[in-house]
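Before any comments, here is the structure.
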Amino acid sequence: MLAYEQLDFAGDCVMNYARPDGMEDALNLLADRSWVVLAGGTDFYPAQGDRPLTQPIMDISALEQLRGIREDDEYWHIGGLTTWADIAASALPPAFDALKLAAREVGSVQIQNAGTVAGNLCNASPAADGVPPLLVVDAEVELRSASGVRTLPLSEFITGNRKTARRRDELLVSVRAPKASCAGQSHFLKLGSRRYLVISIAMAAVRLQATDAATVASSGIAAGACSEVATRLPALEADIAGAALDASLPGRIGPVHFKDLSPINDIRGTADYRLEAVEELVRRAIGCCVEKL
Amino acid sequence: MSRGLIDLDFTVNGKAVSLKAPPAERLSEVLRNRLGLKGTKVGCDAGDCGACSVRIDGILTCACMVAAAQTGGRNVTTVEALAENGQLSRLQDAFLEFGAAQCGICTPGMLVSAATLLEQSPAPSREEVEDALSGVLCRCTGYRKIVDAVMHAAEPRSTAETPSAGDAIGAPIRRLDGEPKVTGRDVFAADDAPDGALVVRVIRSPHHHAGFTFGDLEAFVAETPGIVGVLTAKDIPGENRFGVIPPFADQPAFAEDACRFRGEAAAAIVGDAEVMTGLDLSTFPIEWHERPALLTPNAAQKEDAARLHEGRDNNILIKGRVARGDIAQGFADADAVAEGQFETPFVEHAYIEPEAGFARRVGDRIEIHACTQAPHMDREAMAVVLGLAGDQVRIVPTACGGGFGSKLDISLQPYVALAAWKFGRPVRITYTRPESMMSTTKRHPSEITCRVGAASDGRITAFELRGTFNTGAYASWGPTVANRVPVHGSGPYFIPNYEAEATAVHTNCAPSGAFRGFGVPQGAIAQEAVFDDVADRLGIDPLEFRLRNVLTNGQPTVTGQVFEKSVGIGACLEALRPHWSRAGKEAEEYNAANGSGWRAGIGIASCWYGCGNTSLPNPSTIKVGITPDGGVRLHQGAADIGQGANTVITQICADALGVPVHDIEILSADTDITPDCGKTSASRQTFVTGKAAMLAGYDLKRRILRHANVSEHASFSIGGSTLSVDDADATRTIDLRQLPVDPDGYVFVALETYDPPTRPLDENGQGIPYAVFGYGAQIVELRVDMALGKVHLVKITAAHDVGRAINPVLVEGQIEGGCAQGIGMALMEEYVPGRTENLHDYLIPTFGDVPEIQSLIVEVEDEHGPFGAKGLGEHVLIPTAPAILNAIRHATGARIRRLPATPDRVRQAIREAQGTNV
């Protein structure tokens, strides 16, 4: 545990910074009081601006055990501190190609080297690049606290713009995806007003699994930056189930499949445009998956 | 303050360091402030600009987002590690060779990113370089030369060109001030302050318009340890008023009872550095009373609108007008007419260096060290605010990390100067990125209506342009914009019947000021669009239409000025002709081969731009002298903001004087040392200061030859303290140590002033506004993703008449950088006060947004310019946006009328053009 005792000074602010190197220490401290959790720093520091640091900070970057990708019989596990660069360089199966493509679009190389999966999810931006590709593999998040572990579907974890179901005593230690949902091919498309370093106007992640008869066995399709929380498109997934996996597939997509989205008008694009664009992005991403299958 | 410090041990550039720091302090602050490694720059503190890129255990990261404690035990590498034993790495050398560093503020981040890439991939492709460096923003270069430098960094070192006496002009020599820019040693505004300097921070209005009342300021100072004092309008010894055009000066250093725009200063707090860094500004005792705000010229001109300034009725700051011929008759004679309404937003300069600097009191004088484009104007303005005589103020410009017009105006200077004056200690400030964006000037938003009529043979019979410009809360350069727009509104064309009017209207927005082109780019967007439309109606090719109307020698401009030589627009358009037909053919082939999903298009637009002040005196003075030990010293007072004045002015002076350019020692701008070279704006430094440098060089040579009593055709050379003169029949030597020395230490010295000949404009705008215009035209090739409205640029071909290219590499650098800013203006940049005050909501082009740029340097010699040279800096931005918009129309049929052409707007315009809008 680095720097923790050294900060034990008199006054009402007993510890304003801790960098535990053991999980148990971290969770005990979290149980104790409210902390702002710092990992890669890529959301923490921009949000801080020039204001002084006053809240207690728990720096979890020394919890090396939370970094890395592994598999067991049932799941792929991505540790919470896995960086976007780690993901881009990983040997995850093609169902994660969407995630790997998204990893290369998160901010800049510098941000991909520092920013973590857990940070992207806990920051809960409607335009978080990591969310749609994880939704399409039915990802779940593992939340750990001194009192135990619980697992939530990602779709239930992020509850709103900058809102999550994480309790203040919990850490998002890992993201896991059931292997049954990690079959097939995937693709991710992000639309922005410039080539690099851009916040999405809209994005789409698609995973398609084929039957032997070249029809859609199962799919995961998600839209990002078009609602408060990125979301799957179940009506579309249902409509293409069993459809022929050929060039006609993208043609089955229509505005009706996007009617539950609620994009906003802002500086990056109008709501109407976002709806139109995300439909096109989904169509193209499906086309790319069909080509790969 | 030891509260909450930790012991930190890590390695920096191979050396172990131990220090104490707050655990969550940004690594960038640790490196800069605790270790003195100022090569790591801070541009945004938010990971948006990459200027602070360093490596930690070899991994590239932004130091502004790393907690100090996270570096414990690790290896940090910064730009300072690149050179070994004083020898530049080949990568650094390549940056100089290819002209990859202009202002230099992004250069450390670029170099560290590039070094990381080169370790893995020694001979990278263009795409690999763009991917690897894409996290760093550059506002000067347009990125192309940076990519070139990195791609060639594996090749053997080339020898830098060192032209001999008389051969400097036209030589693509490396920047003379380049080396510190690639080693991280250049001293930018935030990089230097005396030890123990106090820090000042400014309290700014959070509202577009608000009154305010202070609480108990004395109690605040007394109760906050480490605070030295507070400054408000009451502390100003002189006049609480500044402005770049003295008759219009209207901006207070501190608002007196109400702030007229969001970000305007109401007070400032001065204190010890550590306390100020940790100070929560929201604890300052001030109460804001928000008032209704006028945010558009439309709202501000309503009859019942409140007035921002006494005496400026309807909130109109000024109107400019140029009229010639009879437009009613001209339109009656037209066979085809095209018209349109166009709208452009605020555009932010977005230099990567936020404003910064320090001031110190030296006896009864004040010294201000800050980034600036206009040292002598700063001196005059600060003398007024401080109530001092001009010679009591010394302005020492630091290296300037980009300006583009905004650093012509006063920003931080009053705060550091007032604090240093009042408290008698050095005081420094560094603006935060949001502070820089909300409080400094912007490009004027415009609403322009224009109409053009042409006869069936393609000749323009009449043109009319009316523009309203949102000039913000204070005058700044609003009058210049209002004057320049009507003078330039025609573009470089012969138009017999012309009327143009520009109105600058105050609003409760940040002041609009100077930004590369002073309103001319906004006008060109409208003018070049309707030209294309009328050509289309007449069935004439856009290039052909422009050539039929191009201004030629001997024809009057819209202000009635006639140039007998030097009009270069025809030559620029002719230079583009083969490129235009090639591009047209390729677009046609692309469209034939591809379906309707992607469409290719090409567009063209021209520019002209008058160099220097409009019909106002505009002198520059250059001093050059020779020391007894044979040194040649050039007092070069033109602020080099990255464009290359230090190099170009020296090249000119070297050839006039007849010495090798690398033998000249440059004394850069400092109001105590260099005579007034005016401001770095209006594309005037190469022309005006360059001319003064040429005259000074000639005069110094004349003095030397006269002293030697030889003819004016003789030449001389200097070897140490021996000056040798070669005339037709004899060689003489002069021992410089034997000559009398003047108070500046010179044995020979020349001082020359040049002021371009202009004449005032009458009530119809007729007269001689500028002695010199520069000209240019650009072709844009692009493709549009029809379903998404995304524009993909393929190539820009830019022909620019510079009269004489003093340094071709620097000319290309200006062209590429100007194109990049034009791309931003066309496709992505929109500043919204209160909404886009950072570099992730305000987008500027990245590595992937600037296509191949082919520069065609055209040299139509000017009669006034030094060795025929014309200005270039602003011209280069003007044609890009209109050429892009014309190319979008060519590709899609959609005419974009509101900038920027973001995907949603392009898509909407395509729907309208296709008649599918419901």
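FYI, it's all coordinate maths here, none of it is from the lab. The structure displayed is predicted, hence computed values, not measured ones. Neighbour counts are summed over all protein chains in view; Cβ atoms, including those assigned to glycine, are modelled from backbone coordinates with ideal geometry.
Tabulated results
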{"read-out": "Charge sum, other residues only, whose C-beta stays under 10 Å from residue B:208's C-beta, Lys/Arg counted +1 and Asp/Glu -1", "value": "+1"}
{"read-out": "Check: the range B:620-754 dipole with +1 on Lys, Arg Cβ and -1 on Asp, Glu Cβ, in debye", "value": "280 debye"}
{"read-out": "Where GluC sites (Glu not before Pro) in DSSP loops with at most 11 other Cβ within 10 Å are excluded, longest remaining stretch of chain B", "value": "B:1-302"}
{"read-out": "Cα-centred dipole magnitude for the range B:683-743, charges only on beta-carbon of K, R (+1) and D, E (-1), debye, nearest 20", "value": "300 debye"}
{"read-out": "Residue-count net charge about residue A:62 - beta-carbon cut-off 11 Å; Lys, Arg +1, Asp, Glu -1", "value": "-2"}
{"read-out": "Normalised convex hull volume, the range B:737-837, alpha-carbon set, Å³ per residue", "value": "310 Å³"}
{"read-out": "Spin-label model distance (nm) - residue A:212 vs residue B:16, 7 Å beyond Cα toward Cβ", "value": "6.6 nm"}
{"read-out": "Lys, Arg +1 and Asp, Glu -1 on Cβ, resulting dipole of chain B about Cα centre, debye, nearest 20", "value": "540 debye"}
{"read-out": "Positive dipole terminus of the range A:184-292, leading residue within A:219, A:263, A:192 (C-beta point charges)", "value": "A:192"}
{"read-out": "Spin-label zone in the range B:194-219 - amide nitrogen under 12 Å from a point set 7 Å from the Cα of residue B:306 along the C-beta vector", "value": "B:208-212"}
{"read-out": "Computed helical MRE - 222 nm, chain B, DSSP H runs ≥ 4 contributing -39500 (n - 2.57), nearest 500", "value": "-8000 deg cm²/dmol"}
{"read-out": "Distribution of pairwise C-alpha distances over the range B:539-622, 10 Å bins, in %", "value": "13, 32, 26, 16, 10, 3, 0"}
{"read-out": "Listed pairs A:190/A:259; B:145/B:181; B:15/B:41; B:41/B:679 exceeding 24 Å between Cα atoms", "value": "B:41/B:679"}
{"read-out": "Label-zone membership for the range B:19-63, site residue B:7, 7 angstrom Cα→C-beta point, backbone N under 14 Å", "value": "B:19-21"}
{"read-out": "Relative contact order [Cα under 8 Å, 6+ residues apart], chain B, whole percent", "value": "14 percent"}
{"read-out": "Residue B:34 paired with residue B:121, simple spin-label distance in nm, labels 7 Å along Cα-to-beta-carbon", "value": "3.6 nm"}
{"read-out": "Label-point separation in nm, residue B:840 to residue A:55, each point 7 Å along Cα→Cβ", "value": "1.6 nm"}
{"read-out": "Amide N proximity, the range A:184-202 versus residue A:36 label position 7 Å along Cα-to-Cβ, cut-off under 18 Å", "value": "none"}
{"read-out": "Residue B:219-residue B:128 FRET efficiency (beta carbon distance; Förster radius 45 Å; 0.05 resolution)", "value": "0.15"}
{"read-out": "Cα convex hull of the range B:221-346, projected area averaged across orientations, nm²", "value": "13.3 nm²"}
{"read-out": "Net charge of neighbours whose Cβ lies under 13 Å from the Cβ of residue B:84, counting Lys and Arg as +1 and Asp and Glu as -1", "value": "-1"}
{"read-out": "Computed E for residue B:733/residue B:702 - FRET, C-beta separation, R0 22 angstrom, nearest 0.05", "value": "0.70"}
{"read-out": "Positive-pole candidate from B:476, B:293, B:653, dipole of the protein assembly as shown, charges at beta carbon", "value": "B:293"}
{"read-out": "Computed FRET value (nearest 0.05) for residue B:592 with residue A:162, which takes r as the C-beta separation and R₀ as 41 Å", "value": "0.25"}
{"read-out": "Degrees between helix A:271-292 axis and first principal axis of chain A (Cα, 0 to 90, nearest 10)", "value": "70 degrees"}
{"read-out": "Loop-resident sites, the range B:130-178, for trypsin sites (Lys or Arg not before Pro), counting at most 14 other Cβ within 10 Å (DSSP)", "value": "B:157"}
